[in-house]
1. Write down the accessible area per residue of the range A:245-386 in Å², having rolled a 1.4 Å probe over the full set of protein chains.
2. Report, to the nearest whole %, how much of the accessible area of chain A belongs to carbon and sulfur atoms, 1.4 Å probe, protein only.
3. Please report the equivalent ellipsoid semi-axes of the range A:1-94, computed as sqrt(5 x eigenvalue) of the Cα gyration tensor, largest first, in whole Å.
4. Could you pull out every Cys in chain A that lacks a partner Cys with its beta carbon under 4.7 Å away?
5. Add +1 for every Lys or Arg and -1 for every Asp or Glu among the other residues with Cβ under 12 Å from the Cβ of A:G386, and state the total.
6. Express the relative contact order of the range A:245-386 as a whole percentage, based on alpha carbon pairs under 8 Å and six or more residues apart in sequence.
7. State to the nearest 20 debye the size of the charge dipole of the range A:475-567 about its Cα centre, where the only charges are +1 on K and R beta carbons and -1 on D and E beta carbons.
8. Give the span of the range A:406-562's Cα atoms along each principal axis, as three whole-Å numbers ordered largest to smallest.
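The values are calculated or read from the model by the stated rules, or taken from the named source; none is laboratory data. These numbers come from a predicted model, not from an experiment. As a convention, Cβ positions derive from the backbone with ideal geometry for all residues, glycine included, and neighbour counts pool all protein chains shown. Only protein heavy atoms, including side chains, enter the accessible area calculation; ligands, DNA and RNA are left aside. Shrake-Rupley method; radii C 1.70, N 1.55, O 1.52, S 1.80 Å.
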Amino acid sequence: MRFSKYFLPTLKEDPSDSDIISHSLSIRAGLIRKVASGIYTFLPLGFKILKKIENIIREEMNDAGAIEIFMPVMQPAEIWQQSNRWYEYGPEMFKLVDRNERDFCLGPTHEELITTMASSDIYSYKDLPVNLYQIQVKFRDEIRPRYGLLRAREFIMKDAYSFGASEEDLDKDYDAMYATYAKIIERIGLKYKVVEADTGLIGGKFSHEFMILAKNGEETIAYCDECRYAANFDNAKFNIRPFPVSDAAGLNEGLKDIKEIHTPGIKTIEDLTNFLTQPPQNIIKTIAVKNNEGDVFAFLLSGDRTLNLAKAEKFLKTSLELINEDNNIYKLPLGFIGPLGLKKEISVYGDYSIQKRSNLIAGANKIDYHFKNININRDFEVKGWGNFSYPVPGDLCESCGRELEYDKGIEVGHIFKLGTKYSTKLNGKFLDKDGKLKPYIMGCYGIGVTRMMAAAIEQSHDEKGIIWPKSIAPFLISLIATNMSENKIKEAAGSAYEMMLSKKVQVLYDDRDISAGIKFKDSDLIGIPIKMIFGKKFLQNEIIDIEYRDDASKTEIKLNELEDFVKNL
RNA sequence: CGGGAUGUAGCGCAGCCCGGUUAGCGCGCAGCGUUCGGGACGCUGAGGUCGAGAGUUCGAAUCUCUCCAUCCCGACCA
């Protein structure tokens, strides 16, 4: 492609309405333009990259035996009402009405549609298992679209749905998709981690998320290199770190007498640590929660930890909300709550992080007062112990005992075992060998295609711009003629361009009659892996400079070596 | 939806607090000339409903109100 004939508008400055690197770079490099919040046009360069990502996905999916189909964006309301997600999804679904006042939605996902389709065309165990996928636009009216392509309202997803006759079928497909997803990301050439995740709204037994590692990632991953465990931060299993001896005030001093201390207006752990010059680990954080029935519970944690509500809910088998000014049915003195002197109706549960501690500080259940030297069992009882917090630095891998490490990531893929959730609701049944009618056992597997593009930028860029991995780079070679008014340069670069075209090398020839600096800057900004420069050195000695985008390394080749160089790319 | 901020030329911004002729600057864009390996220079020029509507005023980009859009922080997700 000749730059002068292409449509590739680049910007020198960051756009004012983007804060995240992948967003501003994809606008500056001329990949996308914003149409409305969370809605984008793909310009030629961005579209090219998208197609490359899609093709890698398509090839690997096909290799894994999945079969491509194409379903509509617009879907009738009935099937969503049948699965009840018309209501569960709620305002997150774009809904519309046709001229006959029938309800439709713009598909946020396609479980309903494909299950309905399967139910009328797959009747026999002989047709199973089968794995169907598509690469399609999805619509989700996100509460808050943000970060450009990372959370858009219209985005492209590869979604696959497997139908099996048995759990074994599902396991096989699930494992195949797991391996395929890993292969896809490896082929694209990005660093990633697979984590155990929550199943969320889509439902099902368990799931894995594929995370592209990036500093600005939305998700925190807790992992252990020793035993290869990795999980979402919220979900991570861990053992409480051993209490550091240097912090161990009172560990060996025996139990001291309780003292009430005046702490006017000191409500937060942070204020308290400053006021008393004590580490937060010596303070009991007491978090009050309530369930729908109006039962109130108190969870005690080490002051440096945060209550993981999901863990508390699992433990108590009830859904919970934090107590605040609005739902404070017992009028608890927020900021000064503690285990000692609580109402009898409130059951107290302890996090392992304080189990073996003594002489701690806690709220006195009286405004502006705390207690010193509180001791478990001597001063109050705990109804149950558990792990109720998020991990903190130093916490240990549950299976091997090594310290957990943390990384930031962007979720680009998610695979689920759905089981019979949708087949049951949408009448997706087949006749099995034993002559019995059974629901399909399903799995679903998604990759965010447009998100993958943004995640790649997020992982791979520098202050000059994007650094594309070769696999998805829009062009492999950026051919730069530094001075178009030098005929020798212009002609040599022109014939090099023609030669590479004939050899099917993907080359962007910057033939614009502008200063060389702009060409270098643009080339770096849009992230083409190799710069091939015809300039001064060519005029003098027929030397062509080769410069690599990723590590900025350089080599020189002579004109007569050019064909060989191109051959070995 | 709650909290915070912003809307002035294609892009990035100043002007607004303290109202007063033709609304500025940089980049980009067009023409001419000079330059030519890391965002060159000179001259000339085009380009604006000051987010929208209403109000206050002799007079509004500037003050008031309403609305809209966009971005950031929280619950959701590929």
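1. On the way: 7330 Å² over 142 residues.
So the range A:245-386 comes to 52 Å² accessible per residue, rounded to a whole number.
2. 49 percent
3. Equivalent ellipsoid semi-axes, largest first: 33, 23, 12 Å.
4. A:C105, A:C444 - these cysteines have no disulfide-compatible partner (Cβ-Cβ under 4.7 Å) in chain A.
5. Details: positive: A:K311, A:K314, A:K383; negative: A:E313, A:D351.
The answer is +1.
6. Numbers: 261 pairs, mean separation 43.4, N = 142.
That works out to 31 percent.
7. Details: 14 positive and 17 negative charges, 11 e Å.
Using only the charged Cβ atoms, the result is roughly 60 debye.
8. On the principal axes, the range A:406-562 reaches 82, 40, 25 Å in Cα extent.
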